[in-house]
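Chemist: Sharing a structure below in structure tokens format, with a few things to ask.
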Amino acid sequence: MAILKRNHLLLLLLFGTSCDKNLDYKGLFYSESAVNLRYEESMVWNRAHSREITVQDTVYKMIFTGDTHIGGVSNLNKVMEIAAASGAVCLAIAGDITTGRPDDFARAAVLLNATAPYEVALTTGNHDLFFGGWQWYYRYFGSSVYTLKVHYIQNTDLFIFLDTGSGTLGSLQYAWLKDELLKRNNYRNVVVVTHLNLIRNLMTSTTNLLVQEMNALLDLFARNRISMVIMAHDHARYTERFGNTTYITLDALVDDDPDASYLMLTGGTKGVTYRFVEL
Amino acid sequence: MKHILLYLLIVFLFPPGSIGQIAFSDYYTFGSNAVSEGLYFQDNILARYAYGKFSLGAGVQLTAGYSDQQLLSGLLLEGTTTLFADRFPVVVSLLFLRRPYSRLLSENNFSLTVQHRWKHLELILGNNIRIWRLSRNEMRQLGMSGATDLGITEYRNLVYRLTWYLKPIGSVWNLSLSLTDFDDFLIQRGTNPMLAFGFEKVLQPDLELFSQLWYQGAGMFNLQADYFGFYFKTGIRWQF
């Protein structure tokens, strides 16, 4: 009976996570910038900007975080300092960088577009798309769907950034992903980065991908020996191994989160390893 | 071949001499979604044997034209019983649904639901546990015999359906509108509701025609909403 009561409550929660000022209620029913449009605009941007990093070593480090929800930038500032000091070659944010509001995008751009000794790699989360946020994301940061290649001594690793901010890859992005993975054997390690967490380890009112899409991606990732899938969205750390793939949900980096952390990834000829680091 | 398999299924499930009511449903589905890579087509066959307050059902789904999806895409077994038949009839259902996606990946679901019908409304509520499995044999074929973690169990998932009927349930014809996260061979996560518009018409006392149009949105009510897909299904139910 307790289960039924809780389910009833969750059913009600479906129709709006909360009366949050950062929730775009129009966006819950309609998207001004559908995922296929975002994909097409991303590909236009990608044609003029390739993303490659070259490392004169057999290993390299990258920092991953997500759900910064700018507004506040205190935790992000700390992680940027750590990234610079640690010699990481890239700082990646797996979506929900901002609240979607133009002034928050402007604040994020000042920080993330500043000159730094590391590359910045971003993708969208659902909050970045609220309030017509895609136009600001695209203006300041460009593509949300792209590949980043890390060349190091004797090998190259591939990082695939996906846009799942509206709950699906969409038909065009899915076809592109399959095409990219046809070249899987050109790389030592392949890591996928996306906002929505594929795996659910708790009963939650947050949305993930539809089951048909889950099946397609789980099959694709297992078949192509994806090393790691790095996700965010749930604000709670979680790891799961499935086949040869490690699925990692990141903690949130938003300022008021008591469990804020980032993930330090080490890549190289021996594969990719990770550790969470609390702030 | 399909009819022979169906016959064997019936004989196995409902041996001659048993007393009760047998019902069938055969319907075709076509649709498209973000990962189907074009229009797909499905044949769905369901059989049910009812005896008193109990029933036992089984079903098979075949799919063609859907990305990497294999032909046999769904198998289900369901047992139901009716409780409180005199005062407030509630149908309790226990379901196993296996959805093979490919030779490598399959999805297995175990659901427990309760259903009640009013004059114009039907409500189903329950829980579902989903387990994804990778085939050890197929992993070996793909040169990944070292992998040991071949299953993911998803935490309990809410299952629900609210259907409103234009005319009283059981009318000769009817129109319906459903908000739900499951269909016969598909159980979504609770936060991915689907909308279904239905039409049904009794052609003969033991034969009914039905059609349904399903809309699948991504991120509805919770993220930035987007289109995911649709499907249309039509077929017949008959009983003897």
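Chemist: In the stretch A:47-77, how many residues are over 28 Å from A:Asn197 (Cβ atoms) and touching a strand residue (DSSP E or B) at 6+ places or on another chain (Cβ under 7 Å)?
Modeler: 4
Chemist: Also: B:Ala47 passes all but one of (1) open to solvent by 20 Å² or more (accessible area, probe 1.4 Å); (2) within 15 Å of the chain's Cα centre (by Cα); (3) among the hydrophobic types (A, V, I, L, M, F, W, C); which number fails?
Modeler: Among (1) open to solvent by 20 Å² or more (accessible area, probe 1.4 Å); (2) within 15 Å of the chain's Cα centre (by Cα); (3) among the hydrophobic types (A, V, I, L, M, F, W, C), the lone unmet condition for B:Ala47 is (1).
Chemist: Condition first: among the β-branched types (Val, Ile, Thr), buried (at least 20 other Cβ atoms within 10 Å of the Cβ), at pLDDT 95 or above and touching a strand residue (DSSP E or B) at 6+ places or on another chain (Cβ under 6 Å). Can you find one or more residues in the stretch B:53-71 that meet it?
Modeler: yes
Quick grid of which residues meet (1) in contact with a Lys or Arg (Cβ under 7 Å, 6 or more places away or on another chain); (2) among the basic types (Lys, Arg); (3) assigned by TED's automatic domain parsing to the domain that holds A:His151; (4) surrounded by 19 or more Cβ atoms within 10 Å (Cβ to Cβ):
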| residue | (1), (2), (3), (4) |
| --- | --- |
| A:Glu213 | no, no, yes, yes |
| A:Leu218 | no, no, yes, yes |
| A:Phe221 | no, no, yes, yes |
| A:Ala236 | no, no, yes, no |
| A:Asp251 | yes, no, yes, yes |
| A:Pro258 | no, no, yes, no |
| A:Thr273 | no, no, yes, no |
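Chemist: With the requirement that a residue be open to solvent by 70 Å² or more (accessible area, probe 1.4 Å), within 29 Å of A:Gly271 (Cα to Cα) and either assigned to a loop (DSSP other than H, G, I, E, B) or of a type in the set (Ser, Thr, Tyr) (or both), what does the stretch A:25-56 give you?
Modeler: A:His49, A:Ser50, A:Thr54, A:Gln56
Chemist: What about B:Thr80, is it open to solvent by 10 Å² or more (accessible area, probe 1.4 Å) and touching a strand residue (DSSP E or B) at 6+ places or on another chain (Cβ under 7 Å)?
Modeler: yes
Chemist: Let me ask another. Please list, ordered by first then second residue, the pairs with beta carbon atoms under 6 Å, 6 or more apart or interchain, first in the stretch B:211-233 and within 12 Å of chain A (Cβ to nearest Cβ), second surrounded by fewer than 20 Cβ atoms within 10 Å (Cβ to Cβ) and of a type in the set (S, T, N, Q).
Modeler: B:Gly229/B:Ser32
Chemist: Can you name every residue in the stretch B:124-146 that is in contact with a Ser or Thr (Cβ under 9 Å, 6 or more places away or on another chain) and either among the small types (Gly, Ala, Ser) or within 7 Å of another protein chain (Cβ to nearest Cβ) (or both)?
Modeler: B:Leu125, B:Gly126, B:Asn127, B:Trp132, B:Leu134, B:Ser135, B:Met139
The values are calculated or read from the model by the stated rules, or taken from the named source; none is laboratory data. Here the structure is a predicted model, which is why all the values come from computation and not from measurement. All Cβ positions, even for glycine, are placed from backbone atoms using ideal geometry, and neighbour counts span all protein chains on display. Surface accessibility is based on the protein's heavy atoms, side chains included, excluding ligands, DNA and RNA. Shrake-Rupley method; radii C 1.70, N 1.55, O 1.52, S 1.80 Å.
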